[in-house]
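To start, the structure itself, in structure tokens.
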Amino acid sequence: MAIFGARRVLWRSFSTISSHPLRVCIVGSGPAGFYTAEKILKTHQGSQVDIIDRLPTPYGLVRSGVAPDHPETKNVINQFSRVAQNGRCSFLGNVALGSSISLVELRELYHVVVLAYGAESDRVVGILGEVSSMEIRDLKGVHSAREFVWWYNGHPDGRNLDPDLKNTDTAVILGQGNVALDVARILLRPTSELAITDIASHALTALEQSSIRKVYLVGRRGPVQAACTAKELREVLGIKDLYIHIKETDLKITPADELLIHSIYVFAIYMLSFFMKEEMKNSRIHRRIYELLSKAATAGPSQPSSGQRELHFVFFRQPDRFLESYDKKGYVSGVHLEKTALKGIGSGNQIAIGTGQFENLSCGIVLKSIGYKSVPVDDLPFDNQKGVVPNVKGRVLSDNSGDPTSIENGLYVCGWLKRGPTGIIATNLYCAEETVASLSEDLELGVLASTTRLLKLGRDGLLQILDNRNVRVVPFSAWERIDKEEKRLGSLRNKPREKLTSWEELLKVAGSE
């Protein structure tokens, strides 16, 4: 039988409900999905919310994206667990939108469908060596930061990445955002410190055997425009016994930079408005990052000591192509970089443009940290250029025209799929509030009357379809068995948990009684 024992109990307990509740399906169990579920359950008493996810484990990027040495960030899992344990909510893992169940079918089964499945692909640089003119292929040794993060976080789709950290002493990371800094920190931090985190055991073993001693963080623009937060920057700069190198010439700032990091607003009377507060906040962030980088450039020795690990910030460079090794055909040996300069585009904004001057940076591994990308599914309007679902405040539009009257009734979006891969975990809280507010308004105004008048099968119908298709559903009780086993294994190694990192292991433990 494809269905877990707990599933029949789940089915029976809700098949006895004779009322006509609002039935909602949320696709994706990351922060956006759980925050949305929490808001719906609180706002709409009597509603039933089902959260489906293609993975057998919940929590999305909190589990597979947050760095293992950031355990405090993962505390939000406790809040999400309480949501999943609500009697009107269920988590159904190992259910993939598109293959297990279609979007059309979900919309037939539920009054409301909220898509919150995030971004599970990558933006491409679009240069030689990444996409060949002859065939689509990466040079070996070129990976996305997302794949690398999944690998060290024990995501079942990242287990087999196997980055070669032994045969080179130099790694290049393209990008200077928080994910890029996470990756640099994992490569450079002493493994004795990582060993007491929930890092995947295969990644810890590889890092213990790693030959990487130099990491280059490459950005198109300057230190004022670096996309990281001050907290992340302080953490990587604070790695013990790490040599930091930043060219002092890169720290020279333009008049536009000065305006950005030392903003003085004439209309002080409006200082309390949201817009101005956000502008001042951004100004403070940029200023703090610049100060941290400036201090790091002058605080340490001018040269690294023997055997010391090194972190190099490289500004005003953009990749032109990946270089192939002469000795190892098909493998990367470096990055051909073009120098850039900043060009003002109004309102103090500056973009990087190529100068036509080039240089090579040798390395044996490249990690592209230029952004995640959402992927479309059948029957879903999608803006391929922006990598988001076209929407107005979370209401999905039927096309990319932006026409607010072309709304797909009963279909909503939240999280990265709604706004693009930006923000922190808490950003999804505000994003969910906006989407649920739109949903509530539509209910109040009768916009959803055509669908809410109908009795929808919801969870019962979904479970029946999945059972007919032999889809092995993982309910929250089965996830709790995985959670218990991971913590047990972790206690044997003085770790908070030892993640199960293969589909087979996860489903085996989930199915055991």
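Data for the structure
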quantity: Hits in segment 185-230 (condition: part of a loop (DSSP other than H, G, I, E, B), open to solvent by 50 Å² or more (accessible area, probe 1.4 Å) and charged (D, E, K, R)); calculated: 189, 213, 220, 221
quantity: Residue that is under 28 Å from the mean Cα position of the chain (by Cα), of a type in the set (A, V, I, L, M) and over 16 Å from residue 246 (Cα atoms), where the choices are 323, 311, 367; calculated: 367
quantity: Meets criteria (on the phi > 0 side of the Ramachandran plot and in contact with a helix residue (DSSP H, G or I) (Cβ under 8 Å, 6 or more places away or on another chain)) for residue 222; calculated: no
quantity: Top-ranked residue of segment 383-402 - restricted to ones that are open to solvent by less than 20 Å² (accessible area, probe 1.4 Å) and part of a loop (DSSP other than H, G, I, E, B), ranked as nearest to residue 430 (Cα to Cα); calculated: 394
quantity: Pick from segment 496-513, criterion open to solvent by 20 Å² or more (accessible area, probe 1.4 Å) and at pLDDT 95 or above, ranking: farthest from residue 103 (Cα to Cα); calculated: 496
quantity: Selection status of residue 439, part of a helix (DSSP H, G or I), more than 22 Å from the chain's Cα centre (by Cα), aliphatic (A, V, I, L, M) and modelled with pLDDT of 95 or more; calculated: yes
quantity: Selected residue (only one of 466, 445, 462 is open to solvent by 70 Å² or more (accessible area, probe 1.4 Å), among the aliphatic types (A, V, I, L, M) and farther than 29 Å from residue 371 by Cα); calculated: 445
quantity: Residue check, residue 307 at pLDDT below 95 and either open to solvent by less than 70 Å² (accessible area, probe 1.4 Å) or not assigned by the TED database to the domain that holds residue 177 (or both); calculated: yes
quantity: Qualifying residue in segment 360-372 (condition: open to solvent by less than 50 Å² (accessible area, probe 1.4 Å) and free of Cβ contacts under 8 Å to residues at least 60 places away in the same chain); calculated: no
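Conditions tested, residue by residue: (1) over 28 Å from residue 47 (Cα atoms); (2) in a loop (DSSP other than H, G, I, E, B).
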position: 423; (1), (2): yes, yes
position: 432; (1), (2): no, no
position: 464; (1), (2): no, no
position: 481; (1), (2): no, no
position: 485; (1), (2): yes, no
position: 494; (1), (2): yes, yes
position: 501; (1), (2): yes, yes
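The values are calculated or read from the model by the stated rules, or taken from the named source; none is laboratory data. If you're wondering where the values come from, they're calculated on a predicted model, not measured in any experiment. Positions of Cβ are generated from backbone atoms using ideal geometry, with glycine treated the same way; all protein chains shown enter the neighbour counts. Quick note on the areas: whole protein, heavy atoms, side chains included, nothing else; ligands and nucleic acids left out. Shrake-Rupley method; radii C 1.70, N 1.55, O 1.52, S 1.80 Å.
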